[in-house]
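The values are calculated or read from the model by the stated rules, or taken from the named source; none is laboratory data. Remember, predicted model here, so these are calculated numbers, not experimental data. Heads up, the Cβs are rebuilt from the backbone with ideal geometry, glycines too, and the neighbour counts pull from every protein chain shown.
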Amino acid sequence: MENISLELKPARTFGGAKVPHRKHAKNAATIVMPPPKTVEISMQQHIGAPCTPLVKVGDTVKAYQKIGESEAFVSAPIHASISGTVKKIGSLLLPNGQKIPSVIIESDGELLTLEGIAPPQVTNAEELAAAARASGLVGLGGAGFPAHVKLIPGDKKIDTLVINGAECEPYITADYREMIEHTDDILNGIFKIKDILKISCVKICIEDNKPEAINILEQRIKSDSRSKGDVFIVKLKSRYPQGAEKVLVQAATGRLIPAGGLPAHVGCILMNVTSVAFLARYLRSGLPLVSKRLTFAGSAAANPCNVEVRVGTSIKDIAEFCGGFKGEPKKILLGGPMMGTAIYDVNYPITKKDNAILVFNKRDAKARPITSCIRCGRCLKVCPMKLRPCQIEQAAELQNAEALDMLDAAACMECGSCAYVCPAGRKLVQSIKLGKQILREGK
Amino acid sequence: MNNKELLLVSPSPHISSGAATSGIMLDVIIALLPAAAAAGLIFGYQALILMLVCVGSCVVFEFISRIVMKRKQTIGDLSAVVTGLLLAFNLPATLNPVYAVIGSAVAIIVVKQMFGGIGHNFANPAITARVVLMLSFPVAMTTWVKPFFYQVSGSSIDAQTTATPLGIIKEGTGEALPSLWDMFIGTRGGSLGETCAAALLLGGLYLVIRRVISPIIPLCFIGTVALFSWIFGQEPIFSVLSGGVLLGAIFMATDYTTSPITRQGKVIFAILCGLITVLIRTFAALPEGVSFSILFMNILVPLIERIGRGKKQKKGEKKA
Ligand code: SF4
Ligand code: SF4
C-alpha cells in the first residue's frame, strides 16, 4: 500500500470557466470568534421548508437547545447558538424578497450548554439519517440541502460516496481549512458512512490548486487501517464549477445525473468535506450544528481570514472581529463571487450554509455596462450543461415558454459561468432564472 | 456604515472575465493589419486612402445613426472600424472614394443600424455593401489594377488594368495566370485586401490563438472549396488562393452576428458556404462567388441554429 498513489484522474466534463483563485485567506488558520452579544437566527437555514420557532419572547434558552423545527421531510431543525433570553421573534427579509421568522437571542455572556447532551447511538442506516437530521446538518458547502435526505436513498442502490472538497469559487477557503485542520474528522465521517451504508468506494474530489490538502488526505488515508484501498482522491482540474453536484459526480464517476435527478439516481451520495467532518464530530459529541467556519475576504477586507462564528452572528460583528474594512465596503456577498448573494444590510445574520463573507470596494462593486449580445458563443462554450444561455435569455425576454422549453432552460444550474465570460456583460443568470420561472408558471 | 442604501445589490455572478466587445474587435483589427499593410504595399496610397475613407465614414455613420435613433452610443465598441476595414478590403484599389462612402452607408445605416445595431443584423454589413455596389456600379467595381501599378510612372491607369485570376480563367482573356507564389504573397489583381494570402493566414492564426474565432468555419470553408474544386477538375490550391476565399473564410464568414453560434451549425454553415462558392464559380456567369455564398448562408443562419435545439438533458431514471 505504501507507495501506491491514491489519486485518480477525473472523468471528462463539459464546459467550465477559468476563474481567478484569489484564495488570499488560504494560510490563515481558523480563529474562533467569541459569541456576540446578540444573534438573529433565521428559521430558513437550508433548502426546503422553513422552521417554526419553538420559543417565545422572554424564554431563556441554552446553547444547543432546539429552537426551530418543521414537520416537513426536507428541512432541518435549528438550534440556539448561544445561551440567553429570547428578545424578539423577528421577521427577516431575505435578499430574494421573502420574509422569514427569526429568533433574536440576547446573550447572557455565559454560553451555558444544554444539559443531557449525549452522543447518539448509530448502528444502522435509519439511525444515521435520524442522527443527521437531529444534528441540524445541512450541506455546508453552500447549498444547504438537509443532509439526512441524502442519507436515505430509498430504493436506490448506492455504491459510491463522493466527497466534495473542490471549493471552486474564488476567495473561499473554508473547506480548505477543514481539510487541513480536521483531516481526521473527515476520515472518521467517511468511514462511518461507508460502514453503515455498506458503500464500496469513496472518492474525495479536490481541485489541483490545493496540493497541500491533497497531500495531507493522501497521507492519512494511507496510514489508516480502516482503508482497504477503496478510498481515492480525485484530483480535479481547477475549473469552475467543478464543485457543482452534476459536474462533480460526473468527474468522479463518469456518471451523468439525469435532469431533475439526484446523485442517488446514479448510485452516489455526495457530501461536502465540512459536512462529513461535522457529522463525525456530532456522532462523537452529540452537539448539534450551531457554528460555522467562514472566509472573510475581498478587496475591502483589511485582513482576509477564516473565522468560526456562531450561527446568527451579524456580518457587522464578524467584520469587526476580523479586523474591519479596508476603505469603504460597497458590496457585501454571502458566498462566493460566482453564486453568492449580495446583501443589502451589514446587520444581516449568517446561517449554517454560508461559507464566506466577501466585501468589495467601490472599484470591484461597480456594475459593468450592459451592451448588445454579439453572439460570440462564449457562453455556450463554458456552460457545463451544454445550454445556449444567450438564446435562453432572448426567449425569456420574449416570454416565449415554448422556446424556453426547447432550449431546456430548466436544466440551468445557475452557476454563472456564462455571465462571467460574456463580453457584453449580459445578465444571463438573471434572465435565465426569469425564464425558469416562466416555465414553472406555464406548467 | 449603518446606512443600508450604501450597499450595492446585484444578481450573481459578481465578477467577470474582463472580456469586452471592444477588446474582441480590437483583436480583429490587429488581425486585419497585416493584410492592410500588404494592400498598401501592393496597391499603393490609393488603397490606404480607400481604407481610411471606409473606416472613417463607417464610424461617422454609426455615430450619426445612434444619435438619430436616440440609442446609446456604440462607436466605442470598435465594430464600425472592423466593418469599414472589411468593406475596403472588398473593393478594388482604385475605386472612387465616393462609392466607398456609399458602401459604408449601406453597411452601417441600412444593414447594421436599421436592424438594431451590433448583434442584430442578419446579413454581414461589409458583404452586403459590396454586393450592392457591384450591382449598382458593375464597371467600377470590377476594374482591377496591376500590382505595383503606382510605381510605373507616366502611364495612365487604363494601361495598368488587369483581370483577377478567376476572371482570366472565366473570360479566357489569354493573359498569363499569376504563379501560386504570386497568389500566396498577393501580387495579383483583385480586391485590395483579398490578394495577400500570407497576411490573411497570419491574421487568421492570430484570431484562433487569441480565441476570438474558432477554426471550424475557416477550415471547413477552405477545405470544402479545395475538395469541390478538385472534384470539378480545378487546381485546388489555386482555387483557395484566388478570389476572396481566404478573406471570406477567415474574416467574413466568422462574423459572430451572422454565423451560427453552435459548433454543429458552424460546420454546416461553412461547408455550404464553400460548396456554393465553387458552384457559382463553376456554373454561374460570375467569376467569383464568395460574397454571394456568404450572404446567402447568412440568411439561413436562424434556420441552421434550430438544429439540435430540442436536445434536452436526459430525464428520468437511472443511466449508469
Ligand atoms: S457570451 Fe454574451 S455576447 Fe457572447 S453569445 Fe453569450 S450572451 Fe452573447
Ligand atoms: S446557462 Fe446556467 S448552467 Fe449554463 S453556464 Fe449559465 S448559469 Fe451555468
Which numbered condition A:Gly324 fails, given (1) in contact (Cβ under 8 Å) with a residue 24 or more places away in the chain; (2) surrounded by fewer than 18 Cβ atoms within 10 Å (Cβ to Cβ): (1)
So for region A:378-394 (the condition being on the phi > 0 side of the Ramachandran plot and within 16 Å of ligand 1 (Cβ to nearest atom)), does at least one residue qualify? yes
Restricting attention to region A:14-31, and to residues there that are of a type in the set (Gly, Ala, Ser) and either without any contact (Cβ under 8 Å) to a residue 40 or more places away in the chain or more than 16 Å from ligand 1 (Cβ to nearest atom) (or both), which single residue is farthest from the other protein chains (Cβ to nearest Cβ)? A:Ala29
Residues in region A:421-436: is at least one of a type in the set (A, V, I, L, M), surrounded by fewer than 22 Cβ atoms within 10 Å (Cβ to Cβ) and either away from ligand 1 (no atom under 16 Å from the Cβ) or more than 7 Å from every other protein chain (Cβ to nearest Cβ) (or both)? yes
Determine the pairs where a residue that is within 14 Å of chain A (Cβ to nearest Cβ), located within region B:105-120, has a partner that is of a type in the set (A, V, I, L, M, F, W, C) and part of a helix (DSSP H, G or I) with Cβ atoms under 8 Å apart, the partner being 6 or more residues away or on another chain. B:Gln113/B:Phe61
Restricting attention to region A:93-141, report how many residues are of a type in the set (D, E, K, R) and more than 30 Å from A:Val346 (Cα to Cα). 4
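Tell me whether region B:297-311 contains one or more residues that are of a type in the set (Lys, Arg) and not in a helix (DSSP H, G or I).
Yes; the residues of region B:297-311 include at least one that is of a type in the set (Lys, Arg) and not in a helix (DSSP H, G or I).
Could you identify the single residue in A:Val290, A:Val273 that is at pLDDT 95 or above and closer than 25 Å to A:Tyr348 by Cβ? Outline the logic, then answer.
Values: A:Val273 fails: closer than 25 Å to A:Tyr348 by Cβ.
So the residue among A:Val290, A:Val273 that is at pLDDT 95 or above and closer than 25 Å to A:Tyr348 by Cβ is A:Val290.
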Subset of region A:69-83 (residues that are in a strand (DSSP E or B) and modelled with pLDDT under 95): A:Glu69
Can you tell me which residues in region A:347-358 are within 11 Å of chain B (Cβ to nearest Cβ) and either out of contact with any Phe, Trp or Tyr (no Cβ under 7 Å at 6 or more places or on another chain) or of a type outside the set (A, V, I, L, M, F, W, C) (or both)? A:Asn347, A:Tyr348
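Would you check if B:Met51 is out of contact with any Lys or Arg (no Cβ under 6 Å at 6 or more places or on another chain) and farther than 20 Å from B:Glu194 by Cα? Can you show your working first?
Values: out of contact with any Lys or Arg (no Cβ under 6 Å at 6 or more places or on another chain): yes; farther than 20 Å from B:Glu194 by Cα: no.
The answer is no for B:Met51.
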Restricting region B:36-79 to residues that are within 18 Å of B:Asn121 (Cβ to Cβ) and among the charged types (D, E, K, R), the one surrounded by the most Cβ atoms within 10 Å (Cβ to Cβ) turns out to be B:Glu62
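From B:Leu6, B:Leu33, grab the single residue that is of a type outside the set (Phe, Trp, Tyr), within 30 Å of A:Pro20 (Cβ to Cβ) and surrounded by fewer than 24 Cβ atoms within 10 Å (Cβ to Cβ).
On the way: B:Leu33 fails: within 30 Å of A:Pro20 (Cβ to Cβ).
On inspection, the qualifying residue turns out to be B:Leu6.
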Members of region A:326-346 that are more than 8 Å from chain B (Cβ to nearest Cβ) and either farther than 16 Å from A:Gly144 by Cβ or in contact with a helix residue (DSSP H, G or I) (Cβ under 9 Å, 6 or more places away or on another chain) (or both): A:Lys326, A:Gly327, A:Leu334
Over region A:359-370, the set of residues within 8 Å of chain B (Cβ to nearest Cβ) and either within 25 Å of A:Pro36 (Cβ to Cβ) or assigned to a loop (DSSP other than H, G, I, E, B) (or both) is A:Phe360, A:Ala367, A:Arg368
Tell me, which residue of region B:79-104 that is of a type in the set (Val, Ile, Thr) and more than 16 Å from the chain's Cα centre (by Cα) is farthest from the other protein chains (Cβ to nearest Cβ)? B:Thr94
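Give region A:307-325 a look and list any residue that's within 14 Å of chain B (Cβ to nearest Cβ) and of a type in the set (S, T, N, Q), or say none.
Restricting attention to region A:307-325, the residues satisfying the condition of being within 14 Å of chain B (Cβ to nearest Cβ) are A:314-320, A:324-325.
A:Ser314, the sole residue that qualifies.
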Counting only residues that are more than 20 Å from the chain's Cα centre (by Cα), in a helix (DSSP H, G or I) and farther than 13 Å from A:Lys9 by Cα, how many does region A:245-265 have? 1
Here the residues within region A:254-289 that are crowded, with 22+ Cβ neighbours inside 10 Å and within 14 Å of chain B (Cβ to nearest Cβ) are A:Ile257, A:Pro263, A:Val266, A:Cys268
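With the requirement that a residue be among the β-branched types (Val, Ile, Thr), within 16 Å of the chain's Cα centre (by Cα) and part of a loop (DSSP other than H, G, I, E, B), what does region B:181-228 give you? If you could, list the steps in order and put the result at the bottom.
From region B:181-228, those among the β-branched types (Val, Ile, Thr) are B:185, B:187, B:195, B:208-209, B:212-213, B:216-217, B:222, B:224-225; that's our starting set.
From the residues that got through so far, the ones that are within 16 Å of the chain's Cα centre (by Cα) too are B:195, B:208, B:212-213, B:216-217, B:222.
Correct list: B:Thr195, B:Val212, B:Ile213.
Looking at A:Gly48, A:Gly84, A:Gly58 in this structure, which one is without any contact (Cβ under 8 Å) to a residue 60 or more places away in the chain, small (Gly, Ala, Ser) and surrounded by 16 or more Cβ atoms within 10 Å (Cβ to Cβ)? Give the steps one after another, and end with the answer.
Working: A:Gly48 fails: without any contact (Cβ under 8 Å) to a residue 60 or more places away in the chain; A:Gly58 fails: surrounded by 16 or more Cβ atoms within 10 Å (Cβ to Cβ).
The conditions single out A:Gly84.
Yes or no: region A:412-420 includes at least one residue that is at the interface with chain B (Cβ under 7 Å from one of its Cβ atoms), assigned to a helix (DSSP H, G or I), within 15 Å of ligand 1 (Cβ to nearest atom) and in contact (Cβ under 8 Å) with a residue 24 or more places away in the chain. Before the answer, list the steps.
Within region A:412-420, the first condition is being at the interface with chain B (Cβ under 7 Å from one of its Cβ atoms), and the residues that meet it are A:416, A:419-420.
Narrowing the set further to residues that are assigned to a helix (DSSP H, G or I) leaves A:419-420.
So of that shortlist, the ones also within 15 Å of ligand 1 (Cβ to nearest atom) come out as A:419-420.
Subsequent filtering for residues that are in contact (Cβ under 8 Å) with a residue 24 or more places away in the chain retains A:419-420.
The answer is yes; a qualifying residue exists.
Look through region A:371-406, keep the residues that are part of a loop (DSSP other than H, G, I, E, B), within 16 Å of ligand 2 (Cβ to nearest atom) and within 10 Å of chain B (Cβ to nearest Cβ), and return whichever of them is nearest to A:Ile318 (Cα to Cα). Talk me through it step by step, then tell me what you get.
Filtering region A:371-406 down to residues part of a loop (DSSP other than H, G, I, E, B) leaves A:371-377, A:383-388, A:398-400.
With the extra rule that they be within 16 Å of ligand 2 (Cβ to nearest atom), the set shrinks to A:373, A:375-377, A:383-388.
Checking which are within 10 Å of chain B (Cβ to nearest Cβ) leaves us with A:373, A:375-377, A:385-388.
On the way: A:Cys373: 40, A:Arg375: 43, A:Cys376: 42, A:Gly377: 41, A:Met385: 36, A:Lys386: 39, A:Leu387: 39, A:Arg388: 40 Å.
Applying the filter and picking the extreme gives A:Met385.
Any idea which of B:Ser229, B:Ser239, B:Ser259 is of a type in the set (Gly, Ala, Ser) and either more than 22 Å from B:Ala197 (Cα to Cα) or within 14 Å of chain A (Cβ to nearest Cβ) (or both)?
Numbers: B:Ser229 fails: either more than 22 Å from B:Ala197 (Cα to Cα) or within 14 Å of chain A (Cβ to nearest Cβ) (or both); B:Ser239 fails: either more than 22 Å from B:Ala197 (Cα to Cα) or within 14 Å of chain A (Cβ to nearest Cβ) (or both).
Step by step, each of B:Ser229, B:Ser239, B:Ser259 is checked, and only B:Ser259 is of a type in the set (Gly, Ala, Ser) and either more than 22 Å from B:Ala197 (Cα to Cα) or within 14 Å of chain A (Cβ to nearest Cβ) (or both).
Take the residues of region B:240-263 that are away from ligand 1 (no atom under 16 Å from the Cβ) and not small (Gly, Ala, Ser): which is surrounded by the fewest Cβ atoms within 10 Å (Cβ to Cβ)?
The first filter runs over region B:240-263 and keeps only residues away from ligand 1 (no atom under 16 Å from the Cβ), leaving B:240-253.
Subset that is not small (Gly, Ala, Ser): B:240-241, B:245-247, B:250-252.
Working: B:Val240: 20, B:Leu241: 23, B:Val245: 30, B:Leu246: 28, B:Leu247: 29, B:Ile250: 25, B:Phe251: 28, B:Met252: 26.
It comes out as B:Val240.
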